[in-house]
Every structure is written in C-alpha cells, then in structure tokens.
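> Shown below is the structure under consideration.
Just so you know, all these numbers are worked out from the coordinates, no wet-lab data involved. If you're wondering where the values come from, they're calculated on a predicted model, not measured in any experiment. Reconstructed Cβ throughout: ideal geometry from the backbone, glycine too, with neighbour counts over all protein chains shown.
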Amino acid sequence: MSIEVRDLVVRRGRRTVLDGFSCVIPQGGVTGLLGPSGSGKTTLMRAIVGVQVVASGTVTVLGHPAGSSPLRSRIGYLTQAPSVYADLTVAENARYFASLHRLGGRAADEAIEAVGLGAARRQLVSQLSGGQRSRASLACALVSCPEVLVLDEPTVGQDPVLRDELWDHFRRLAADGATVLVSSHVMDEANRCDRLLLIREGAVIADGAPAAVKRSAGTEDLDQAFLTLIRRREVAA
Amino acid sequence: MILASTICRILTQLRHDPRTIAMIIVVPTVLITLIYFMYEGQPHVFDRVALTMLGVFPFIVMFLITSIAMLRERTTGTLERLFTTPVGRLDLLFGYGIAFGLAAAAQAAVAAGFSYGVLGMRTAGSIGLVILIAVANAVLGVALGLLCSAFARTEFQAVQFMPLVVAPQLLLCGLFVPRVDMAGWLRAISDVLPMSYSVEALTEVGVHPEPTGIMWRDLAVVVGAIVVALILGAATLRRRTA
C-alpha cells in the first residue's frame, strides 16, 4: 500500500471536515480524488503530505507516518493555488526546489519541459498567465521525480491540448511506478484515472475503477453515477 | 547545501527587485544627509545623532522587509510546500538571517562610508565597529521580523507592527532623553529593549578610540536578543497548520 488513511478526523475551525475518514491507495497508478468544492479533498491531501493538523486517526505513506522526515524526499505536493515565488523566474523556482532534493539544473530543466514551459523558463512567474503559473508550480512538484505525487487540481484553467499532455505525463509517471493522487472536480477527467475516490462532505461515496463505479450506479455517465450514488446513500441513511 | 541555496534564492528574489535594492541602499543615506542639514553648524550633535541613526535605520528597514517577505511565504503557500520537502526550519531562519544580513552589511557600509567620507562625521572609534554594530542591529530586525510575521495575517497588518516594535525602542534608546535621566519605570522598559544596547554600543565607539568592555557587553546583549528572537521565530514555523 502506498497511502493508508485510517479513521481520520480533521477539524478546521468549528467545522469537522473529515470525520472518521478511511481509504487505501495502492502503489502505482493514477487515483482521482473527485468531489465538489468543500468536500474535503484539499484537507485530505494536506493530511497525506503531512501539513494538516489532525484531531485523530492515522495517515501512513510508504510505510511511514505522513509528514515524517524520510518521506520528505519521496513526496511531491502541488497546492491548489500556485505556490511558487512570483519574483523569481520559472527556471529559478524549479532550480531552487531541485536543490532542496540535492538535484541540479538538469532535473529542473526536465521538469520545466514536462509542463510545457520551456519557452517561458526565463520569465518571471509574476508575468505569466494563470495557467502558466500553475504549471510552473507543477514543475516544482515534479522536479524530484517523487514516488508519491499529490496534485491538488493540477489541470484547472489549462487549455485542452495542454491538459491532455499533462494527463499523459501523469500516466507515464504512474507507469514508471509512481503513485499519483490527483484531485479534480471535472468529471470527464475521472475517466483517465485507474481508480476513483468520490468524496462528498468528508465521506467516501465510491471507491474503485471508473468502469466499476459506473457499473455500480448503472450509468455510463460519471456525473450521473455520482448523483445516483449520493441519492442511494441518502435513501440508505 | 539547502541553506546555501535558500540564501541564494532569497538574494535572487531581491536582485529581481531593483526598486527595493535602491530603497535599502539609498534611503538611510538620504535621511542621514537630512540630519546633516538639520544640525548644520553643530557638528557634535550631528555626530551623535547620525551615529545612532546608523544603527536604527538598518533595524527598521530589515524588520519591515523580513516581516513582509516571511508573511508572503506563509500566505502564498510556498512555506507549506517547503515543509513537504527536506527543508528544515533552521534552513529558513538562517537563510533569511544571512541573506538579509548581507543586504544590511551593504546598506550599513554605504551609509557609514557616506557619513564619514562626505558628511564629515567623526567618531573616536573605528568605522568598522560602527558597521559591525549596525549589521548586528539589522540582523536583530530580521529576527524580530520573522517572529512578528507569525502574528499578522495580511501585509496590511504586518506593517502595523513596525510602529509597535520600532517606536518604543527608538524613543527609549537614549537618543532623546539620556537613559540615566529617565524615570525609574521608563528606564526599566528601556533596559529590556535591545536597541538601547546597540545605541549605547555605538555611543561607546563614538567617544572611545578603542573598543570598550561596555561596547562588547552591549553587542553580546544584542546577539543574545537575536538568538532569543530566532528561537521564538522557529517556534512559530509549524510544519502542520490548521
């Protein structure tokens, strides 16, 4: 198992975002974390990378407690809002994050190419478009070729061709053995995942391959499947 | 290695911001020139006030720059991301301390060089000691800036800390009223404010040709205050946040 979350409880302010959340994410492959805004996707991801204060429960990544120091060189995290230095160029940002993993300029250049920012590498991040900025941020997460890649909405605001290329890249990383966890609220991206984790209001609604999720809901449309599964739960409750 | 690249990253950010560099280098010199004309014909008063200001300006400037820079790390998510990488808290604290300390050294050297060379400021002790104390004061500003950034949510709030941190120290450091003439309770407050010691150290350099015991003791107090502020600052850098 790559990631194991057990009975996780997270409170942010007065709100309980995750209340006894459990899931298991196997090694390798792309897992899509889907759910509406406010469903707890970002909180779960923050818990997995070890920056979220948790009230109770355990999160284990590659056999270590989330956030422990042996994991810090093996994990890559993309925050939802681009977290790069606006007053540095794309290349300077990537090089700095590479250097934190004791890697050189080559790793940085490869990551920049992978997100299609080769032509903008000498531009200051503050001068980039929103989409480019989030790709610069993505490059900094990819730079260390991590074993576990946690990406919070990496494709928001990207043009369709680029989005396609990014997904191909995630698939390649997964094929090479990395565990990729991607959050999205766009259902058509779900079909590109090996596994789906549908969450709503901090609880798992469905967990399985896209085809299996659709089959269990009896529809070919994922949006519709999501709705059916939620309704079914509500009736059961 | 991580520390070195962090220092390098912070200095590169600064390098991309020529306006800030200009402010760091030019503003103290301009203000000291203003003081020169304020006290034209009273060279002894100018010597005393300018000497004090050589210690005060780097403190103010570095406090402001650091608290905003660190606040940005906190609010833009870069700090959160750094904490998922092998970066340690000390890499960040010393990274900022050393990078802005270097900027402060450049600032102090230019301001002191200009005061001595062009404005004819005179001190019994050496310019090297003046710069040393000014840099220590600047690093104190960096350390307090790192600490205060934890208590501000926005840049708007962060700048409000400046009068809170700087004004009492400036008023009670002995520049306006000699510390020995202060009421007991004011003196007591003055005694716990680090800038009182850096100003006293500078005054010692002003009147004694050789470094004195009091000067070294005062410098040690300032360094001690830096260490305390950095330790408190480290405590505010949390890997996990709510």
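> Among B:Pro211, B:Val221, B:Leu34, whose Cα lies farthest out toward the positive end of the dipole of chain B, if unit charges sit on the beta carbon of Lys, Arg (+1) and Asp, Glu (-1)?
Going by the Cα projections, it comes out as B:Val221.
> Please state the Cα pair-distance histogram of segment A:84-145 with 5 angstrom bins from zero: what percent is in each bin?
4, 25, 37, 23, 9, 2
> Ranked from highest to lowest mean number of other Cβ atoms within 10 Å per residue, what is the order of the peptides B:165-172, A:7-14? Don't skip to the answer; put the middle values down first.
Numbers: B:165-172: 17.9, A:7-14: 14.9.
Highest mean packing first, the order is B:165-172, A:7-14.
> Taking amide H positions as placed 1.01 Å from N in the peptide plane, with prolines and chain starts having none, which residues 5 or more places from A:Ile199, or on another chain, fall under 5 Å of its amide H?
Distant-sequence amide H within range of A:Ile199: A:Leu34, A:Gly35, A:Ile205.
> Give the distance, in whole Å, between the Cα centre of segment A:124-138 and the Cα centre of segment B:28-99.
30
> Then there's this: About its Cα centre, what dipole magnitude does segment A:1-97 give when the only charges are +1 on Lys and Arg Cβ and -1 on Asp and Glu Cβ, stated in debye to the nearest 20? Don't skip to the end; give the middle numbers.
On the way: 10 positive and 5 negative charges, 44 e Å.
Dipole size: approximately 200 debye.
> If each DSSP helix of 4+ residues adds -39,500 (n - 2.57) and the sum is divided by the residues in the protein assembly as shown, what number results at 222 nm, nearest 500 deg cm²/dmol?
Working: 18 runs with 274 residues, N = 479.
It comes out at -19000 deg cm²/dmol, rounded to the nearest 500.
> Once the Cα atoms of helix B:213-236 and of chain B are each reduced to a long axis, what angle between those two axes, in degrees from 0 to 90 to the nearest 10, is obtained?
20
> Roughly what % antiparallel, to the nearest 5, for the DSSP beta bridges in the protein assembly as shown? Don't skip to the end; give the middle numbers.
Working: 21 of 41 bridges.
Bridges in the protein assembly as shown are about 50 percent antiparallel.
> How are the alpha carbon pair distances in chain A distributed across 10 Å bins from zero to the largest one, expressed in percent?
For chain A, the pair-distance distribution reads 8, 32, 36, 20, 5, 0.
> From the C-alpha gyration tensor of the protein assembly as shown, pull out the three semi-axes of the equivalent ellipsoid (sqrt of 5λ each), sorted largest to smallest, in whole Å. Working shown, then result.
Working: eigenvalues 586, 105, 59 Å².
Calculated on Cα positions only, the semi-axes equal 54, 23, 17 Å.
> Around B:Glu200, under 10 Å between beta carbons, what's the net of Lys plus Arg minus Asp minus Glu among the other residues? Write down the numbers at each step before the final one.
Values: positive: B:Arg179, B:Arg217; negative: B:Glu204, B:Asp218.
So the surrounding residues net to 0.
> Hey, what's the Cα Rg ratio for segment A:137-182 versus the globular rule of thumb, 2.2 N^0.38 Å?
Working: Rg = 10.2 Å, N = 46, 2.2 N^0.38 = 9.4 Å.
For segment A:137-182, the normalised Cα radius of gyration comes out at 1.08.
> A follow-up question, please. With just the Cα atoms defining each centre, how far is segment B:179-242 from segment A:37-108? Give it in Å.
Cα centroid to Cα centroid, the span is 38 Å.
> Oh, and also: Using Cα pairs closer than 8 Å and at least 6 residues apart in sequence, work out the relative contact order for chain B, in percent. Each step should come with its number before you reach the end.
Numbers: 320 pairs, mean separation 65.7, N = 242.
That works out to 27 percent.
> For segment B:37-165, place one equal point scatterer on every Cα, skip the solvent, and apply the Debye formula. What is log10 of I(q)/I(0) at q = 0.10, 0.12, 0.17 Å⁻¹?
Ignoring solvent entirely, the Cα scatterers give -0.39, -0.53, -0.86.
> Direction-averaged shadow area of the convex hull around the Cα atoms of segment B:1-54, nm²?
4.8
> How would you rank B:226-233, A:216-223, highest first, on the average number of other Cβ atoms within 10 Å across their residues?
Per-residue mean Cβ counts within 10 Å order the peptides as B:226-233, A:216-223.
> What whole-number volume per residue, in cubic angstrom, does the convex hull of the C-alpha atoms of chain B give? Don't jump to the answer; show the numbers that get you there.
Values: hull volume 31.8 nm³, N = 242.
Residue-normalised Cα hull volume stands at 131 Å³.
> What size of dipole, in debye to the nearest 20, comes out for chain A about its Cα centre when the only charges are +1 on Lys and Arg C-beta atoms and -1 on Asp and Glu C-beta atoms? Let's see the in-between values first.
Values: 27 positive and 25 negative charges, 127 e Å.
Magnitude of the dipole: close to 620 debye.
> Taking neighbour Cβ counts within 10 Å as the exposure measure, how do A:Glu110, B:Glu40, A:Glu153 sort from fewest upward?
Working: A:Glu110 16, B:Glu40 9, A:Glu153 22.
Neighbour counts put them in this order, fewest first: B:Glu40, A:Glu110, A:Glu153.
> In nm, to one decimal, how far is the A:Ala55 label point from the B:Asp17 one, both placed 7 Å along Cα→Cβ?
Going from the A:Ala55 label point to the B:Asp17 one covers 3.9 nm.
> About the Cα centre of segment A:191-232, how large is the charge dipole given +1 on each Lys and Arg Cβ and -1 on each Asp and Glu Cβ? Please answer in debye to the nearest 20. Let's see the in-between values first.
On the way: 7 positive and 6 negative charges, 18 e Å.
Dipole of segment A:191-232, to the nearest 20 debye: 80 debye.
> Out of every Cα pair in segment A:159-237, what percent are spaced more than 17 Å from each other?
Details: 1501 of 3081 pairs.
Counting pairs separated by more than 17 Å, the tail of P(r) holds 49 percent.
> Which whole number gives the average, over all residues in A:77-84, of C-beta atoms from other chains lying within 10 Å of the residue C-beta?
Details: counts 6, 3, 6, 1, 3, 3, 8, 4.
Mean partner-chain Cβ count within 10 Å for A:77-84: 4.
> Additional query: Put +1 on the Cβ of each Lys and Arg and -1 on the Cβ of each Asp and Glu in the protein assembly as shown; which of A:Gly177, B:Leu92, A:Thr89 then has its Cα farthest toward the positive end of the dipole?
Ranked along the dipole, the leading option is A:Gly177.
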